[in-house]
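Only one structure is covered here, and it is reproduced in the block below.
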Amino acid sequence: MKKIRLELKDDAYNIYIGSGILAEAGRLLAAITGRQKAMIVSNKKVYTLHGKKLFQSLLKYFDVSVFLMPDGERYKTIDTVKKIYDAAARARLDRKSVIVALGGGVVGDTAGFAAATYMRGIKVMQVPTSLLAMADSSIGGKTGVDLKAGKNLAGAFHQPALVLMDIDTLQTLPKGEFINGMGEVIKHGIIMDAEFFNYIKTNAGKILEKDKNTLLSMVEKSALCKTKIVSQDEKEMSGLRAILNYGHTIGHAIEAETGYKGLKHGEAVAIGMAAAARIAGAMGLCSQDTVNGQIKVLNSFNLIKPLKKLKTGNIIKRLYNDKKVKDGKIIFILTKKIGHAKLNETVPIAIIKAELKRILSEAAQGGIL
Ligand SMILES: NC(=O)c1ccc[n+]([C@@H]2O[C@H](COP(=O)([O-])OP(=O)(O)OC[C@H]3O[C@@H](n4cnc5c(N)ncnc54)[C@H](O)[C@@H]3O)[C@@H](O)[C@H]2O)c1
Ligand SMILES: [Zn+2]
């Protein structure tokens, strides 16, 4: 079992990564909280696959209850949070109790937000079971729900007391969801760790076969990248944490323009990363090898899917409506070379338009090469 310690200004917690470690959950959590009440929040699909192991492990130390929410982003709502509060009250959770979130990012964000606010905040343990949740959402303390007006509009920073990643759970994750998570994993390599990027490139075959040792290394390296950023910029104040949005400026606009249908988040971000790479290339910030290297790896995981023809103008409009605009200029995250991403506020609009047009037309014709 590997351990990463995430140090923050006023807080610190451990992230455990291993194979078969759901069975350790009770012991590891009890070492922090002592014997308490714990409520597992999950959904039926994930709980049926992995809940029993977690439940039995917690039962040795905790008075355990379970709340299952429906599966899917459309249930990442205040209404679900309210149901979690009610279940917590029924189970008589108090200020020393813990919520244990078992699932993908949807469960983690929703249960995390319930924990952030129930009785003005109780502990949460994150047990991510999707690759996206392991690579991204379970680390860093962002919790929240969607509103009709947009995604993640209500939320709170609430760092977990403990994160436990059992890579065995990834074996049951559908392939499409696995690939989706690879978008964020590859992003971590591109923005801050060239060696990790090369590891992904070299081991693509083993990763896609879900080879255990490879997954273990990959999830650890990816978690280390996110941990480093979060520990230096916990609340997204210095701009450092913002580099995690690499590929997301255009990715979010594409997701919105396609009505969040037909394209997974990781696939939209992959097109966004390809566009950011091309923009950096066109500005002369990086070499063509750096541009093509990124696109090649994204393609080796089949992350860049054909896309129906989108209008460049519509995407540009969405970019300007996005919060990533400062003094009328779109803020991009660009890489000079693999492993080095920075905010850039000086991208000429003509380059954005030209590169977007090219990318969108290539994607509509079947792929970006
Ligand atoms: N808090 C953050 O910092 C942060 C960062 C990135 C994304 N997010 C949020 O994360 C969410 C997306 O997370 P996601 O991609 O994990 O989606 P998800 O939680 O919907 O999971 C995807 C699907 O996989 C299923 N699943 C999960 N683990 C499984 C397993 N081991 N075996 C079989 N099926 C499994 C889920 O039930 C679901 O059907 C979004 O709401 C996004 O806003 C949050
Ligand atoms: Zn993302």
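The values are calculated or read from the model by the stated rules, or taken from the named source; none is laboratory data. Values in this document were obtained by computation on a predicted structure and should not be read as measured data. Using ideal geometry, Cβ is built from the backbone for each residue, glycine included, and neighbour counts are taken over all protein chains shown.
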For A87, are the conditions met, namely being away from ligand 1 (no atom under 12 Å from the Cβ) and either assigned by TED's automatic domain parsing to the domain that holds L162 or in a helix (DSSP H, G or I) (or both)? yes
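Could you identify the single residue in A242, A270, A194 that is buried (at least 19 other Cβ atoms within 10 Å of the Cβ), more than 29 Å from K45 (Cβ to Cβ) and assigned by TED's automatic domain parsing to the domain that holds L298? I'd like the intermediate steps shown before the answer.
Working: A270 fails: more than 29 Å from K45 (Cβ to Cβ); A194 fails: buried (at least 19 other Cβ atoms within 10 Å of the Cβ).
Of A242, A270, A194, the one residue that is buried (at least 19 other Cβ atoms within 10 Å of the Cβ), more than 29 Å from K45 (Cβ to Cβ) and assigned by TED's automatic domain parsing to the domain that holds L298 is A242.
Per-residue answers, yes or no, for (1) more than 16 Å from ligand 1 (Cβ to nearest atom); (2) touching a residue at least 60 places away in the same chain (Cβ under 8 Å); (3) basic (K, R):
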site: I254; (1), (2), (3): no, yes, no
site: M273; (1), (2), (3): no, yes, no
site: V291; (1), (2), (3): yes, no, no
site: L298; (1), (2), (3): yes, yes, no
site: I304; (1), (2), (3): yes, yes, no
Before we move on, is T346 part of a strand (DSSP E or B) and on the phi < 0 side of the Ramachandran plot? no
List pairs: first in the stretch 201-216 and on the phi < 0 side of the Ramachandran plot, second surrounded by 15 or more Cβ atoms within 10 Å (Cβ to Cβ) and of a type in the set (K, R), Cβ under 7 Å, 6+ apart or cross-chain? T214/K206
When the stretch 8-38 is examined, which residues are found to be over 22 Å from L68 (Cα atoms) and in a loop (DSSP other than H, G, I, E, B)? L8, K9, D10, D11, S19, G20, G34, R35
Within the stretch 145-163, is even one residue within 11 Å of ligand 1 (Cβ to nearest atom), closer than 16 Å to S222 by Cβ, modelled with pLDDT of 95 or more and of a type outside the set (A, V, I, L, M)? no
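Assess whether L224 counts as being under 22 Å from E7 (Cα atoms), modelled with pLDDT of 95 or more and more than 14 Å from ligand 2 (Cβ to nearest atom).
On the way: under 22 Å from E7 (Cα atoms): yes; modelled with pLDDT of 95 or more: yes; more than 14 Å from ligand 2 (Cβ to nearest atom): yes.
Considered against the rule, which asks whether it is under 22 Å from E7 (Cα atoms), modelled with pLDDT of 95 or more and more than 14 Å from ligand 2 (Cβ to nearest atom), L224 comes out as yes.
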Of the numbered conditions (1) without any contact (Cβ under 8 Å) to a residue 24 or more places away in the chain; (2) assigned to a strand (DSSP E or B); (3) under 20 Å from A111 (Cα atoms), F55 fails exactly one; give the number of that condition. (2)
Take the residues in the stretch 153-180 that are over 25 Å from V81 (Cα atoms) and within 16 Å of ligand 2 (Cβ to nearest atom); name whichever of them is surrounded by the fewest Cβ atoms within 10 Å (Cβ to Cβ). G176
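Residues being near ligand 1 (Cβ under 7 Å from one of its atoms) and not β-branched (V, I, T): count how many of those fall in the stretch 118-143. Reasoning before the result, please.
Residues of the stretch 118-143 that are near ligand 1 (Cβ under 7 Å from one of its atoms), as a first pass: 129-130, 132-133, 136-137, 140, 142-143.
Now restrict to residues that are not β-branched (V, I, T): 130, 132-133, 136-137, 140, 142.
Counting residues in the stretch 118-143 that are near ligand 1 (Cβ under 7 Å from one of its atoms) and not β-branched (V, I, T) gives 7.
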Pick from K317, K296: which is within 23 Å of the chain's Cα centre (by Cα), assigned to a helix (DSSP H, G or I) and surrounded by fewer than 14 Cβ atoms within 10 Å (Cβ to Cβ)? K296
May I ask you to verify whether G259 is surrounded by fewer than 24 Cβ atoms within 10 Å (Cβ to Cβ), over 14 Å from the mean Cα position of the chain (by Cα), more than 10 Å from ligand 2 (Cβ to nearest atom) and over 22 Å from I139 (Cα atoms)? yes
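From the list V145, V100, V127, V106, which one is assigned by TED's automatic domain parsing to the domain that holds G34, over 10 Å from M39 (Cβ atoms), away from ligand 2 (no atom under 16 Å from the Cβ) and crowded, with 24+ Cβ neighbours inside 10 Å? Show your work before the answer.
Numbers: V145 fails: crowded, with 24+ Cβ neighbours inside 10 Å; V100 fails: over 10 Å from M39 (Cβ atoms); V106 fails: away from ligand 2 (no atom under 16 Å from the Cβ).
Unique residue meeting the criteria: V127.
Do the conditions hold for I40, that is, is it away from ligand 1 (no atom under 15 Å from the Cβ) and aliphatic (A, V, I, L, M)? Before the answer, list the steps.
Details: away from ligand 1 (no atom under 15 Å from the Cβ): no; aliphatic (A, V, I, L, M): yes.
In short, no.
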